[in-house]
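Worksheet for the structure shown next.
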Amino acid sequence: MFNSKFGSIPKFYVRAPGRVNIIGEHIDYCGYSVLPMAVEQDMLIAVEPVKTHTLQLANTNPLYPDFSTSADNIQIDKTKPLWHNYFLCGFKGIQEHFGLSNLTGMNCLVDGNIPPSSGLSSSSALVCCAGLVTLTVLGLKLSKVELAEICAKSERYIGTEGGGMDQSISFLAEEGTAKLIEFSPLRATDVKLPSGAVFVIANSCVEMNKAATSHFNIRVMECRLAAKLLAKHKGLPWEAALRLEEVQARLGVSLEEMLLITEDALHPEPYSPEEVCRCLGISLWELRTQILSPNTQDVLVFKLYQRAKHVYSEAARVLQFKKICEEAPDNMVQLLGELMNQSHVSCRDMYECSCPELDQLVDICRKFGAHGSRLTGAGWGGCTVSIVPADRLPSFLANVHEAYYQRSNRSLAPEKQSLFATKPGGGALVFLEA
């Protein structure tokens, strides 16, 4: 297909995997550690550097139209999360990091088997893949950590105010192990998952595009506002507080204590923009222009108490999950499952990032033998992840398939992409032979 598109053959290939976040939802952008693993599904780009200064992008999927642009004038339209914009994010990130102009052009054919808008990070895998493609074409070198940090920052060109989990696991993943990803500074630690269980991904078949909706960015801003109100309540310099983790670090207290402080400082009733302004002693204009992101300036209610409660409790669950994996008690699969179940309840009730289909799918997975099941990824659609004893896997897959996919027209979705067991896969890499 490359030859029919470009009349030539590729010089090299780059792959970057998707990921499943086992536990630690919506907390990376609050500064807290998360626990993902790479999946085997990935983005793959075939690349030919060319002498012109033109980027020519094509996709093996006919739903995604070809695109070409000058390599020296990258424009990313935040109003339309089109597929090629994710490639441009990675390209521009490398270009700006090195302060380059007069960039060489390239012909790229993109292929991928990560289901789009499913919460398995297809968009970040494309950003990471494009970043590594650009670095390779330019003949430059960066560490995996540097690449992950650049790609995390550059994905914000599309308007998503995400943390760094997706890009970090795409580069830092290793086959056979999940990773605890910590931020500031970015680092990854192996987490050995239980040998007697498998993690099963099930797609709700409800699509959710983070860049196309404001849900995600509203949550980021609610957490930012909660951090500021908690800091003010405790007499800290609130102007500088951006993340909930920073408040905890400044106070030097445990996550459990932060939950008590949240109870004390914030009320469960939603906050209006005017009340936030009164609490911080600022004007509405200052709130909108100096604190909120452009696409959240018109939000009328902020649920600060609920969001902070989720983040601090979820951050504690991540650490408990890792501790159980290290200590490996006899009932570890049951204990890990309970943490995953608690995580889903918190995502559903406190963070409100679930949807009826995800809740139904989680219930079905638990009914047919999962010790724990939860939404994974941003939510509002996408996938669930379940921990299932290995000996129950065949019956689990058959029963979930019948109960969720066959009883509705969801069976139209390709089954391989909808329900599958997964093992921790390796990270992004460059290779010369297809």
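Brief remarks follow.
- Phi to ³J(HN,Hα) by Karplus 6.51 cos²θ - 1.76 cosθ + 1.60 over region 21-35, Hz, x for Gly, Pro: 8, 6, 7, x, 8, 6, 10, 5, 6, 9, x, 9, 5, 10, 9
- Within the chain, DSSP assigns beta bridges of which about 90% are antiparallel (rounded to the nearest 5).
- The reciprocal of the average 1/r between distinct C-alpha atoms defines the Kirkwood hydrodynamic radius, which for region 312-373 equals 12.3 Å.
- For region 200-206, 3J(HN,Hα) per residue [Karplus equation, 6.51 cos²θ - 1.76 cosθ + 1.60, θ = phi - 60°, Hz, x = Gly/Pro]: 10, 9, 10, 8, 5, 6, 9
- Integer Hz, Karplus 6.51/-1.76/1.60 couplings in order for region 281-296, x for Gly and Pro: x, 10, 8, 4, 4, 5, 4, 6, 8, 10, 10, 6, 7, x, 8, 10
- Per residue, the chain exposes 41 Å² of solvent-accessible protein surface, assessed with a 1.4 angstrom probe and all protein chains in place.
- Shape analysis of region 270-417 places it in the oblate category; the axes a ≥ b ≥ c from the Cα gyration tensor give an a/c of at least 1.5, with a/b not above b/c.
- Membrane-span-like helices in the chain, defined here as complete DSSP H runs extending at least 30 Å along the helix axis by their C-alpha atoms with mean Kyte-Doolittle hydropathy no lower than -1.0, are 304-327; this is a sequence and geometry rule, not a statement about a membrane.
- Overall Cα dimensions of region 235-290 - principal axes, largest extent first, Å: 35, 25, 16
- Within the listed set Cys355, Cys89, Cys279, the Gaussian network model of the chain (springs between alpha-carbon atoms below 10 Å) gives the highest mean-square fluctuation for Cys279.
- Across every pair of non-identical alpha carbons in region 42-92, the mean reciprocal distance, once inverted, gives a Kirkwood radius of 12.0 Å.
- Amide proton proximity set for Lys11, modelled H, under 5 Å, gap of 5+: Val47, Glu48
- Taking only the Cα atoms of region 9-75, the radius of gyration and Dmax are 17.1, 46 Å.
- For region 82-153, the Cα gyration tensor yields ellipsoid semi-axes of 21, 14, 10 Å (square root of five times each eigenvalue, largest first, whole Å).
- Separation of the Asn399 and Ser70 label points, Cα + 7 Å toward Cβ, nm: 6.2
- By the Stokes-Einstein formula, at 1.306 mPa s and 10 °C, the chain with its Kirkwood radius over alpha-carbon pairs has D equal to 71 µm²/s.
- For the chain, the mean residue ellipticity at 222 nm estimated from helices alone is -12000 deg cm²/dmol, where every DSSP H run of n ≥ 4 contributes -39500 (n - 2.57) and the total is divided by all residues, rounded to the nearest 500.
- Shape class for region 226-267: oblate, because the ratio a/c of the largest to smallest gyration tensor axis (alpha-carbon atoms, square roots of eigenvalues) is 1.5 or more and b/c is at least a/b.
- The chain, accessible surface, carbon-and-sulfur percent (1.4 angstrom probe): 51
- Within a Gaussian network of the chain (alpha carbon springs, distance under 10 Å), most fluctuating of Gly131, Gly196, Gly119: Gly196
- Global form of region 200-272, assessed from the alpha-carbon gyration tensor, a/c cut-off 1.5: prolate
- Cross-link pairs Lys5/Lys51; Lys232/Lys322; Lys78/Lys303; Lys179/Lys232; Lys234/Lys309; Lys5/Lys80 - those with Cα-Cα distance over 28 Å: Lys232/Lys322; Lys179/Lys232
- Between region 107-143 and region 13-82, the Cα center-to-center distance that results, in Å: 4
- Across region 101-200, Cα-Cα pairs farther apart than 22 Å form 38% of the total.
The values are calculated or read from the model by the stated rules, or taken from the named source; none is laboratory data. From a predicted model like this one, the values you see are computed outputs, not experimental measurements. So basically every Cβ, Gly included, is an ideal-geometry build from the backbone, and we count neighbours across all protein chains shown. We work out accessible area using only protein heavy atoms, side chains counted, and drop any ligands, DNA or RNA first. Shrake-Rupley method; radii C 1.70, N 1.55, O 1.52, S 1.80 Å.
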